[in-house]
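K.L.:
Here's a structure for you.
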Amino acid sequence: MDFDKNLLIANYQAVKQQLDTANHVANRTQPASLLAVSKTKPAAMIAALFELGQRDFGENYLQEALGKMGELGDLPIVWHYIGSIQRNKTKDIAKHFDWVHTLERDIIAKRLNEQRAGLPPLNVLIQVNIDDEDSKSGCQPQDVPALIDAILACDNLRLRGLMVIPSKDGSDAFVRTKALFDEMAARYQLPSWDSISMGMSGDMAAAVTHGSTMVRVGTAIFGSRNYD
Ligand SMILES: *Cc1c(COP(=O)(O)O)cnc(C)c1O
């Protein structure tokens, strides 16, 4: 697949600039970081951004991601799995990714834990269905403590925090996510509990204002996607 490298670089720099500004305006001592969501985009685009210093990339589709990892094998990329997790896919996710943002069931935690044996702990985020939408994945907010307990029993998983995909209708989802994060921080006092994955191309500044530590940006960097 051919792409316009100059446009990619310009987009990336504009997103970095917006993120810097958002971090500055929000007075963040620990600035929110950028996860470049490269689903449906070729390995060559990832390599081009790597050259500019981008290290964290997010992928939704396992087979596609494994293909790109093969192409980019010698680059020290930090790979984040942000797609829904099918039971029969956990082994490859556990073996090939550094982070999983979409953990929502204890059975999946158990499988990832077993299949991660022998590797450094897998960083995991609990995906919360913060707007209680029928169509969205994620566990319910009230189920988070039980899932935390299940994950804490897994030596090969390192629980880092929460991930949300809010509904588009301008809810206060970011505020409720931060409140839930803070509540769990106070209750469990986990040193590794340091991450909130929220904010995408359209709302990253607002997400940073409300406490996101990692924004997941696809379209604003890579352009629109032909399939999703
Ligand atoms: C595709 C995707 C993104 C990126 O969305 P954009 O609107 O293209 O920035 C972020 N998070 C998840 C979970 C995604 O699937």
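Computed from the coordinates by the stated procedures, all read-outs in this text should not be read as laboratory data. The shown structure was predicted, so the numbers you read here are calculated from the model rather than taken from an experiment. Here the Cβ positions follow ideal geometry from the backbone for every residue, glycine too, while neighbour counts run over all protein chains shown.
K.L.:
How long are the semi-axes of the ellipsoid equivalent to region 173-218, from square roots of 5 times the Cα gyration tensor eigenvalues, in whole Å, largest first?
P.N.:
The three semi-axes for region 173-218 are 21, 11, 6 Å.
K.L.:
Let me ask something else. Please figure out what share of the DSSP beta bridges in the chain is antiparallel and state it in percent, rounded to the nearest 5.
P.N.:
The antiparallel fraction comes to roughly 0 percent.
K.L.:
If you place +1 on the Cβ of every Lys and Arg and -1 on the Cβ of every Asp and Glu, how big does the dipole about the Cα centre of the chain come out, in debye to the nearest 20? All intermediate terms of the calculation are to be shown ahead of the outcome.
P.N.:
Working: 24 positive and 28 negative charges, 73 e Å.
Magnitude of the dipole: close to 340 debye.
K.L.:
When you count, for each residue, the other Cβ atoms within 10 Å and take the mean per peptide, how do 110-122, 203-215 rank with the highest first?
P.N.:
The packing order, highest mean first, is 203-215, 110-122.
K.L.:
More than 21 angstrom separation, counting every C-alpha pair in region 1-68; what % is that?
P.N.:
Counting every Cα pair in region 1-68, those more than 21 Å apart make up 31 percent.
K.L.:
Once fully extended, how much extra length lies between Asp149 and Gln63, figured as 0.36 nm per residue of separation less the alpha-carbon to alpha-carbon distance?
P.N.:
Numbers: separation 86, 0.36 × 86 = 30.96 nm, distance 3.07 nm.
Full-extension gain reported as 27.9 nm.
K.L.:
Still on this structure: Which whole-Hz couplings ³J(HN,Hα) result when phi for each residue of region 21-27 is put into the Karplus expression 6.51 cos²θ - 1.76 cosθ + 1.60, θ = phi - 60°, listed in order with x for Gly and Pro?
P.N.:
So the J values, rounded to whole Hz, are 4, 4, 5, 5, 4, 7, 6.
K.L.:
Could I ask something else about it? About its Cα centre, how strong a charge dipole does region 1-136 have in debye, to the nearest 20, once Lys and Arg get +1 and Asp and Glu get -1 at the Cβ?
P.N.:
The dipole magnitude comes to about 340 debye.
K.L.:
A follow-up question, please. HN-Hα J couplings of region 77-83 from phi, Karplus 6.51/-1.76/1.60, θ = phi - 60°, integer Hz, Gly and Pro as x?
P.N.:
Values per residue, Gly and Pro as x: 8, 9, 9, 10, 8, 10, x Hz.
K.L.:
Also, I was wondering about something else. Taking the alpha-carbon centroid of each part, what is the distance from region 147-213 to region 61-114 in angstrom?
P.N.:
19
K.L.:
Shifting gears a bit: Between Leu190 and His24, how many nm apart are label points set 7 Å from Cα along the C-beta direction?
P.N.:
About 3.5 nm separates the two model spin labels.
K.L.:
Additional query: Out of every Cα pair in the chain, what percent are spaced more than 27 Å from each other?
P.N.:
I get 31 percent for the Cα pairs in the chain exceeding 27 Å.
K.L.:
Order 130-142, 32-44 from most to least packed using the mean count of other Cβ atoms within 10 Å.
P.N.:
Per-residue Cβ counts within 10 Å, averaged per peptide and sorted highest first, yield 32-44, 130-142.
K.L.:
So between Lys110 and Asp182, what do we pick up on full extension, going 0.36 nm a residue minus the alpha carbon distance?
P.N.:
Here the answer is 23.4 nm.
K.L.:
Which whole-number percentage describes the relative contact order of the chain, with Cα contacts under 8 Å and a sequence gap of 6 or more?
P.N.:
Computed value for the chain: 21 percent relative contact order.
K.L.:
With unit charges on the beta carbons (Lys and Arg positive, Asp and Glu negative) and the dipole taken about the Cα centre of the chain, which residue among Cys139, Gly161, Thr177 sits farthest to the positive side?
P.N.:
Gly161
K.L.:
Could you derive backbone 3J(HN,Hα) for region 142-157 from the dihedral phi with the Karplus parameters 6.51, -1.76 and 1.60 (θ = phi - 60°), listing whole Hz in sequence and x where the residue is Gly or Pro?
P.N.:
So the Karplus estimates, Gly and Pro as x, are 6, 8, 4, x, 4, 6, 4, 4, 5, 5, 5, 7, 9, 5, 9, 10 Hz.
K.L.:
Have a look at Gly67, Gly58, Gly199 and tell me which one the Gaussian network model of the chain (Cα, springs below 10 Å) gives the largest fluctuation.
P.N.:
Fluctuation is largest for Gly67.
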